[in-house]
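Participant: Pasting in a structure now, in structure tokens, and then I'll have a few things to ask.
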Amino acid sequence: MNDQMIYRVLGSDEWAKAVALGEYKGAPHDIADGFIHFSTRDTLAATLALHYAGRDHLKLLHVPVAPLAAHIKWEPARGGTLFPHLYATLKVQDVFRVDDVRLGEDGVHILPDDVG
């Protein structure tokens, strides 16, 4: 895959902890799976709806693929769609940008204009 940016959604508290530690090892389900789950631009809305329904005050991490390419595997999930999985700890310094993700009045997450 040649997507230049991948995305990770997490709670504001999880991100604050990662910043304090300088790294993000993943949520419990990531640790159990042995990799950190990421989304692409095309799968992000579905990921939010499926795994973060009703959750507000989320963070969206924008992570460039190139510096981590040696540790990313593109593996099939939902219906054969390829998802990027990071087989390493995510260093805070590897995050290009962080956006707030809020719930709209309709219960759908509002993504930044350049992503959604």
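Participant: Give me, ordered by chain and number, the residues 5 or more places off R97 or on other chains with an amide H under 5 Å from its own placed amide H.
Facilitator: Amide H neighbours of R97: H62.
Participant: When the convex hull of the Cα atoms of the chain is projected onto a plane and the area is averaged over all directions, what value comes out in nm²?
Facilitator: Working: hull surface 27.9 nm².
Average projection, Cα convex hull of the chain: 7.0 nm².
Participant: What longest region of the chain stays clear of chymotrypsin sites (Phe, Trp or Tyr not before Pro) that DSSP places outside H, G, I, E and B and that have at most 15 other Cβ atoms within 10 Å? Display every interim value, and only then the final one.
Facilitator: Details: sites that count: Y87, F96.
Longest stretch, sites excluded: 1-86.
Participant: Another question, then. Relative contact order (percent) for the chain, with alpha-carbon contacts under 8 angstrom and 6 or more residues of separation? Please list the in-between numbers first.
Facilitator: Numbers: 186 pairs, mean separation 39.1, N = 116.
Once divided by the residue count of the chain, the mean separation gives 34 percent.
Participant: Once fully extended, how much extra length lies between Q4 and A16, figured as 0.36 nm per residue of separation less the alpha-carbon to alpha-carbon distance?
Facilitator: 1.8 nm is the gain from fully extending Q4 to A16.
Participant: For n ≥ 4 DSSP H runs only, could you compute -39500 (n - 2.57) per run for the chain, divide by its residues and tell me the 222 nm figure to the nearest 500? Walk me through the numbers before you get to the answer.
Facilitator: Numbers: 3 runs with 24 residues, N = 116.
For the chain, the value works out to -5500 deg cm²/dmol.
Participant: Can you tell me the relative contact order of the stretch 55-116? Whole percent, Cα pairs under 8 Å, sequence separation 6 or more.
Facilitator: Working: 74 pairs, mean separation 24.4, N = 62.
Once normalised by length, the contact order is 39 percent.
Participant: Ok, one more. What nm distance separates the two modelled labels at I110 and A88, each placed 7 Å from Cα along Cα→Cβ?
Facilitator: With each label point 7 Å from Cα toward Cβ, the separation is 3.6 nm.
Participant: Also: Which loop-located GluC sites (Glu not before Pro) does the stretch 10-109 contain, where loop means any DSSP state but H, G, I, E or B and the Cβ has at most 12 other Cβ atoms within 10 Å? Intermediate results must be reported in sequence, preceding the final value.
Facilitator: Numbers: sites: E14, E23, E105; in loops: E105.
Answer in residue order: E105.
We did not get these values from a lab; they are worked out from the coordinates using the rules stated. No experiment lies behind these values; they were computed from the predicted model shown. Every residue, glycine as well, gets a Cβ built from its backbone with ideal geometry; the counts of neighbours run over all protein chains shown.
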